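A.B. asks: Below you'll find the structure I mean.
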Amino acid sequence: MSLLSVRDLTVKFAMRSQTVTALHQISFDLARGERLGIVGESGAGKSITGFALMKLLSAPGYIDSGTIQFDGTDITQAPEAQMRQIRGNRIAMVFQDPMVTLNPVLTIGQQMVETLRAHRKLSRRDAQEIALTKLREVQIAAPELRLKQYPHELSGGMRQRIIIAMALLLDPDLIIADEPTTALDVTIQADIMELLLKLCQANKVGLILITHDLGVVSQLTERTLVMYAGRIVEAGKTREIINDPQHPYTQGLINALPQQTLPGQMLKQIPGAMPVLTDIPPGCPFSPRCAFALAECRRLLPQIMQQGSSEVACHEVNRLHSDLLLEEGR
Amino acid sequence: MKDTMTAPEPPLLELRGVEKRFALDQSLLERLRFRDGRLRMDRREVHAVNNVSLTVNRGEALCVVGETGCGKSTVARLVAGLLAPSAGEVRYAGARIDNQSRRDLAPLRRRMQMIFQNPYASLNPRMTIAQALEEPVRYHNPDLAPVDVRAKVLEVMQAVGVDPSWRDRYPHEFSGGQRQRIAIARALTVDPEFIIADEPLAALDVSIQAQVLNLMLEAKVARGLTYLFITHDLSVVQHFGTRVAVLYLGTVCELADTATLFAAPKHPYTRALLSAVPQMRDGMPDHIRLKGEIPTPITLPKGCPFETRCAYADQRCRVEKPRPQQQRDGSLVACHAVEEGRVD
Ligand SMILES: Nc1ncnc2c1ncn2[C@@H]1O[C@H](COP(=O)(O)OP(=O)(O)OP(=O)(O)O)[C@@H](O)[C@H]1O
Ligand SMILES: Nc1ncnc2c1ncn2[C@@H]1O[C@H](COP(=O)(O)OP(=O)(O)OP(=O)(O)O)[C@@H](O)[C@H]1O
Ligand code: SF4
Ligand SMILES: [Mg+2]
Ligand SMILES: [Mg+2]
C-alpha cells in the first residue's frame, strides 16, 4: 500500500472578487521510502501542493475537495490536534529559507530539545543526546558548540543542514522539501543534496522534493510530477521524463535549457508565459504556447492518461498514441 | 590589403589592479579593541574586490561567475561608475574613468548601459512604459524632436518584442520576464556599445530565461554589443560567454576562453565549481567536495583566498598569494599548485 495517496485534490483561494482554483484535481501516490520530484515554473502550484499535504494552507486558501490518504487515514478529515501529531512526527517539512523554521531568539539546542520533548517523553539530557546524534548525521562540525549557538551565528549552508537534522529528529516517514537548496551556492547545494539523498535512503524516509531545477530533480528523485497552471501535466519515472518527455510543455522546458543548444546559438524558447490563475485559457492551459495545438486543444481540457510508462495530459500525445495503436492493429 | 601598421585598438574595458573595500558600519564601542596592552580603534573593512585586472575587447561577452558575496555585483558597479575603486584603475576605450566627475561621465553613460537582476527596481513604478523608454532618449539627445524620440523608441520596442500596445501601461502590470524585456529595451534605446548585465536572468523561469537570453544574443549580433555579464549560472556562461572570469572572495582565480575553461578547468576552485553543477544525468555525479564554507571577506586568508577549502593547499599557499600565471592554452590561473604542477 502507498504511504501517501492523493486523489482529486483541489485547492481554491477565496479572493474578494472571485474564487480562483490553484490546484485542479491533483492525484498521485508515493510508496514508502520513495523520492518524488515536483517541478514546474513559478506559480505552477508546487508549494501550494506541499502546504495542502501538511494541511498548512492559510486563508484565503482552502482544500475544496479530494482526499489525502496518509498511511491509511484521510487527513483532509483529520482534526487539527491529530494533524499536529502527524506534522513533525510523521511528515516533516524543509523550506527554502531556514529562518521560516528556526526561531531567532532560541539556541539550536533549545529548539531541538523542545521539539523532541513536545512529541516524546524524554529527559532533557536524552533529548540533547538525540539532537547531537542528528547533528552528526548531517555532518555538522563541532555539534556540541552548535547546540549553544543562535541561528544568526551560522552560515546559510549550515542552517539548512540543521533544518534537515530537525526534520529527521522524530524519524518521520516523509519529508516535504520545498526548494531546499535554491538559496545556496552550487558547491554547498551539491553537499546538501548528497546528504539528503543518503539520509533518505539510509532511513527509508520518503521525499517530496519541490524545485524548478531539472538537474536537482534528476539527481535526487525516482519519479517526477510536472505541473503547469495548477495541474499535473506529466507524471512518471524521472529518467523517462528527462530523457523522453512527452508533454509539449515538458519538452519545451527541457529544450529551453542552454545545455540543449550549441554555444552562441539561439535557445529553443517557449513563446509567451504561464497564465495567471484569474486568466486560465479554456481547453488545455498550455494551448496558447503550444506548437501542436489544434482546435480541440483550445476547447477541451485533456485528461491525464497512461501513455507508455508515463501519464500525460495532452491531446496531441493521445492522437499520436492512438495512431500508433491503429498502425499496430493493421 | 589590411594595414598592419596601425596601433592595436585598446580594449573597450580594462581593470588594472582594482580594489574595493567597504567600511563596516560599527558602533564606536564595537570598534574599540584592546591589543598589545593598549586600547585601539579597529577599522574593520569588507575586502569585496581585491587586485582584479581584466580586459574586455570589443564584441566580446565576458562572463563573471562565482558564488554569493564573491564581489560580482561590486565589479559591475565599479565598471558602471556607481562605485569608486579604493585602488587601481578602470579604463574605458583607453581613458581612465574611475577618477572623473559625474558630469564628465555623462557622455559615457550613453555608451554604457546597465541591466539588473530585478527589473522592477530599475523601472519607476509611476512611469508608463512609454515614459520609461522615452526618458533616456530625451536625456541623451536633448535636441531630438518628440516625433523622432517616439520613432526611436518604437523601433527598439519592435526589435525586442515589447508590444507597442504596452505603451500606456505601468510596470506592475507585467510579469518578471516582460519587465526584463522592457528594461533591456530601455537600455537599448540610447544605442549603447557596452552592456553591463548583473544577473539579468536570475529572477526568471527557465522558459522565460530562454526568451531573454535570446534577446540579448540577438542584440549582441545585430548591434555589435560588448557585454560584461554577471551570473552564477554556469550553463548560461557556457552558452553566452566568449570568455569567463571566475571570482572567489573578490579575486580572479581563473580567466579563460569559455570553451577552454569548460574543457580544461585548472584552478582547484573552478574544478570544484564545475563538478558541483546538478546534471540531468543518472545519479549523483562525483562532485569535488570542499571543506568548510566560503570565509567572510572581512578577514581574508593571508595567502591564497581559497586556501581554507582547497585540497591542494600547502604551507606556501597559506602564506603567499598566488599571482595569475599564463598557461599554455592562454588561460590565466592564480594557483601555486597549478604552477608547481601538483594538480594533474
Ligand atoms: N495567499 C494566496 N492568495 C491568492 N493566491 C495565492 C496565494 N498563495 C499562492 N497563490 C497563488 O497560487 C498559485 C500557486 O502558487 P505556488 O506558491 O504553489 O507556486 P509555486 O509553483 O510554488 O511557484 P514558485 O516556484 O514561485 O515557488 C500562484 O498563482 C499564486 O499566485
Ligand atoms: N555597500 C556595501 N557595504 C558593505 N559591504 C558591502 C557593500 N556592498 C557589498 N558589500 C559586501 O561585499 C561583498 C561582495 O558583494 P557583492 O554584492 O559584490 O557580491 P556578489 O558576488 O554580487 O554576490 P551575489 O551573488 O549574492 O549577488 C559581500 O561580502 C558584500 O556583503
Ligand atoms: S594556491 Fe594553493 S590553496 Fe590556492 S587554489 Fe591553488 S593549491 Fe589551492
Ligand atoms: Mg514555491
Ligand atoms: Mg550580486
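A.B. asks: Could you tell me how many degrees, from 0 to 90 and to the nearest 10, lie between the Cα long axis of helix B:176-188 and the main elongation axis, the longest principal axis, of the Cα atoms of chain B?
C.D. replies: 80
A.B. asks: Need one number: convex hull volume per residue for the stretch B:150-275, Cα atoms only, in Å³. All intermediate terms of the calculation are to be shown ahead of the outcome.
C.D. replies: Values: hull volume 15.1 nm³, N = 126.
Dividing the Cα hull volume of the stretch B:150-275 by its residues yields 119 Å³.
A.B. asks: Right, here's the next one. May I ask for log10 I(q)/I(0) of the stretch B:264-344 at q = 0.13 Å⁻¹, from a Debye sum over the Cα atoms as equal point scatterers with solvent left out?
C.D. replies: Relative scattering, expressed as log10 I(q)/I(0), comes to -0.45.
A.B. asks: Still on this model: Which residues in the stretch B:227-243 place their backbone N less than 17 Å from a point set 7 Å from the Cα of residue B:257 along the Cα-to-Cβ direction?
C.D. replies: B:238-243
A.B. asks: Modelled label-to-label distance, residue A:27 and residue A:142, 7 Å Cα→beta-carbon offset: nm?
C.D. replies: Placing both labels 7 Å along Cα→Cβ, they lie 5.5 nm apart.
A.B. asks: When N counts the residues of chain A, how does its alpha-carbon radius of gyration compare numerically with 2.2 N^0.38 Å, as a ratio? Display every interim value, and only then the final one.
C.D. replies: Numbers: Rg = 21.4 Å, N = 330, 2.2 N^0.38 = 19.9 Å.
Chain A yields a ratio of 1.07.
A.B. asks: As an exercise, identify the trypsin sites (Lys or Arg not before Pro) in the stretch B:144-232 lying in DSSP coil whose Cβ has no more than 16 other Cβ atoms within 10 Å.
C.D. replies: Numbers: sites: B:150, B:152, B:167, B:169, B:179, B:181, B:186, B:220, B:223; in loops: B:167, B:169.
Qualifying residues, ordered by number: B:169.
A.B. asks: Using a cut-off of 17 Å between alpha-carbon atoms, which aspartates and glutamates can reach residue B:152, once sequence neighbours fewer than 8 places away in the same chain are excluded?
C.D. replies: Straight-line reach from residue B:152, under 17 Å: B:134, B:135, B:143, B:163, B:168, B:191, B:193.
A.B. asks: Counting just the Cα atoms, what span does the protein assembly as shown cover along each of its three principal axes? Round to the nearest Å and put the largest first.
C.D. replies: 80, 74, 53
A.B. asks: Continuing with the same structure: Could you tell me what percent of the DSSP beta bridges with both partners in chain B are antiparallel, to the nearest 5? If you can, show how the numbers build up before the last one.
C.D. replies: On the way: 29 of 46 bridges.
Looking only at bridges with both residues in chain B, the antiparallel portion is about 65 percent.
A.B. asks: Of A:55/B:291; A:46/A:237; A:46/B:291, which sit over 28 Å apart, Cα to Cα?
C.D. replies: Values: A:55/B:291 39 Å; A:46/A:237 18 Å; A:46/B:291 33 Å.
Among A:55/B:291; A:46/A:237; A:46/B:291, the Cα-Cα distance tops 28 Å for A:55/B:291; A:46/B:291.
A.B. asks: Evaluate the distance, in nm, between pseudo-label points positioned 7 Å from the Cα of residue B:342 and of residue B:172 along their respective Cα→Cβ axes.
C.D. replies: Each label point is offset 7 Å from its Cα along the Cβ direction, giving 5.8 nm.
A.B. asks: Quickly estimate the mean residue ellipticity at 222 nm for chain B, helices only: each DSSP H run with n ≥ 4 gives -39500 (n - 2.57), and the total goes over all residues, rounded to 500. Don't jump to the answer; show the numbers that get you there.
C.D. replies: Working: 13 runs with 114 residues, N = 344.
For chain B, the value works out to -9500 deg cm²/dmol.
A.B. asks: While we're looking at this one, here's another question. With springs only between Cα atoms under 10 Å apart, run a GNM on chain A and tell me which of A:149, A:307, A:269 wobbles the most.
C.D. replies: Most flexible of the set in this elastic network: A:269.
A.B. asks: Also, I was wondering about something else. At q = 0.25, 0.31, 0.34 Å⁻¹, what log₁₀ I(q)/I(0) does a Debye calculation on the Cα points of the stretch A:166-211 give, no solvent, two decimals?
C.D. replies: Reported log10 I(q)/I(0), two decimals: -0.96, -1.22, -1.28.
A.B. asks: Within the stretch A:244-280, list the residues whose amide N lies under 12 Å from a label point set 7 Å along Cα→Cβ of residue A:292.
C.D. replies: It comes to A:245-252, nothing else.
A.B. asks: While we're looking at this one, here's another question. Between residue A:107 and residue A:149, what length comes free when the chain is fully extended (0.36 nm per residue of separation minus the Cα-Cα distance, one decimal in nm)? Numbers along the way, then the final one.
C.D. replies: Numbers: separation 42, 0.36 × 42 = 15.12 nm, distance 0.52 nm.
The residue A:107-residue A:149 span can extend by a further 14.6 nm.
A.B. asks: Trypsin sites (Lys or Arg not before Pro) within the stretch A:12-92: which are DSSP loop residues with at most 10 other Cβ atoms inside 10 Å?
C.D. replies: For trypsin sites (Lys or Arg not before Pro) across the stretch A:12-92 that sit outside H, G, I, E and B with at most 10 neighbouring Cβ atoms in 10 Å, the list reads A:16.
A.B. asks: From the Cα gyration tensor of the stretch A:242-319, with a ≥ b ≥ c the square roots of its eigenvalues, which class applies: rounded if a/c is under 1.5, or else prolate if a/b is larger than b/c, or else oblate?
C.D. replies: Oblate, because a/c is 1.5 or more while a/b does not exceed b/c.
A.B. asks: I would also like to ask the following. Bin all alpha-carbon pair distances of the stretch A:50-121 at 5 Å intervals from 0 and give each bin's fraction as a whole percent.
C.D. replies: 3, 13, 21, 22, 18, 13, 7, 2, 0
A.B. asks: Name the lysines eligible as straight-distance cross-link partners of residue B:20: C-alpha to C-alpha under 18 Å, and not fewer than 8 places from it in the same chain.
C.D. replies: Filter leaves B:72, B:302, B:321.
A.B. asks: While we're on this one: Quote to one decimal, in nm, the extra length available between residue B:326 and residue B:57 on full extension: 0.36 nm per residue of separation minus the C-alpha distance between them. Numbers along the way, then the final one.
C.D. replies: Details: separation 269, 0.36 × 269 = 96.84 nm, distance 1.81 nm.
Gain on extension, residue B:326 to residue B:57, equals 95.0 nm.
A.B. asks: When the gyration tensor of the stretch A:175-330 is built from Cα positions, what are the square roots of 5 times its three eigenvalues, in whole Å, from largest to smallest?
C.D. replies: On the way: eigenvalues 182, 75, 53 Å².
Computed over the stretch A:175-330, the values are 30, 19, 16 Å.
A.B. asks: Leaving out ligands, DNA and RNA, what percent of the accessible area of the stretch A:139-186 is carbon and sulfur, probe 1.4 Å?
C.D. replies: Working: 860 of 1650 Å².
Summing carbon and sulfur atoms, their accessible area is 52 percent of the total for the stretch A:139-186.
A.B. asks: Write out the trypsin sites (Lys or Arg not before Pro) in the stretch A:129-186 meeting two conditions: DSSP loop, and at most 14 other Cβ atoms within 10 Å of their Cβ. Provide the component values of the computation, followed by the final result.
C.D. replies: Values: sites: A:134, A:136, A:146, A:148, A:159, A:161; in loops: A:148.
Here the sparse-neighbourhood loop sites are A:148.
A.B. asks: Another question about this same structure. What FRET efficiency comes out for residue A:117 versus residue B:163 if R0 is 41 angstrom and r is the Cβ-Cβ distance? Round to the nearest 0.05. Walk me through the numbers on the way to the answer.
C.D. replies: On the way: r = 59 Å, r/R0 = 1.45.
About 0.10, to the nearest 0.05.
A.B. asks: Could you compute how much accessible area chains B and A hide from each other, both sides summed, with a 1.4 Å probe? Nearest 100 Å² is fine. Before the final figure, lay out the partial values.
C.D. replies: Working: alone 18350 and 16330 Å², together 31380 Å².
Chains B and A together bury approximately 3300 Å².
A.B. asks: Residue separation times 0.36 nm, minus the C-alpha to C-alpha distance between residue B:222 and residue B:121: what's the value?
C.D. replies: Numbers: separation 101, 0.36 × 101 = 36.36 nm, distance 2.75 nm.
Separation in residues times 0.36 nm, less the Cα-Cα distance, equals 33.6 nm.
A.B. asks: Turning to a different aspect of this structure: Once you compute Rg and the Kirkwood Rh from C-alpha atoms, what is the Rg to Rh ratio for the stretch A:39-172? The partial results should precede the final answer.
C.D. replies: Working: Rg = 16.3 Å, Rh = 16.3 Å.
Here Rg/Rh amounts to 1.01.
A.B. asks: For the stretch B:264-344, with the dipole built from +1 on Lys and Arg beta-carbon atoms and -1 on Asp and Glu ones, taken about the Cα centre, which of B:267, B:319, B:308 lies farthest toward the positive end?
C.D. replies: Value computed over the given set: B:319.
A.B. asks: Under 10 Å, Cα contacts only: if you run a Gaussian network model on chain A, which one of A:94, A:226, A:317 comes out with the highest mean-square fluctuation?
C.D. replies: Residue with maximal mean-square fluctuation among A:94, A:226, A:317: A:317.
A.B. asks: Further question: What is the magnitude of the charge dipole of the stretch B:58-176 about its Cα centre, with +1 placed on the Cβ of each Lys and Arg, -1 on the Cβ of each Asp and Glu, and no other charges, expressed in debye to the nearest 20? List each step's numbers first, then the result.
C.D. replies: Values: 16 positive and 13 negative charges, 61 e Å.
Magnitude of the dipole: close to 300 debye.
A.B. asks: Tell me the Rg and the Dmax, in Å, that the Cα atoms of the stretch A:101-171 produce.
C.D. replies: Final numbers for Rg and Dmax: 10.8, 32 Å.
A.B. asks: A follow-up question, please. Can you tell me the accessible area per residue over chain A, all protein chains present, probe 1.4 angstrom, in square angstrom? Don't skip to the end; give the middle numbers.
C.D. replies: Details: 14750 Å² over 330 residues.
Result: 45 Å² of accessible area for each residue.
A.B. asks: How large is the Rg to Rh ratio of chain B when both quantities use alpha carbon positions and Rh follows Kirkwood?
C.D. replies: Working: Rg = 22.2 Å, Rh = 22.1 Å.
With Rg and the Kirkwood Rh in hand, the quotient comes to 1.01.
A.B. asks: While we're here: State the antiparallel share, in %, of DSSP beta bridges confined to the protein assembly as shown, rounding to the nearest 5. It would help to have the intermediate numbers written out before the result.
C.D. replies: Working: 58 of 93 bridges.
That works out to approximately 60 percent antiparallel.
The values are calculated or read from the model by the stated rules, or taken from the named source; none is laboratory data. These numbers come from a predicted model, not from an experiment. Cβ atoms come from the backbone with ideal geometry, glycine included; neighbour counts cover every protein chain shown. Please note that ligands, DNA and RNA were not included when accessible areas were found on the heavy atoms of the full protein model with its side chains. Shrake-Rupley method; radii C 1.70, N 1.55, O 1.52, S 1.80 Å.
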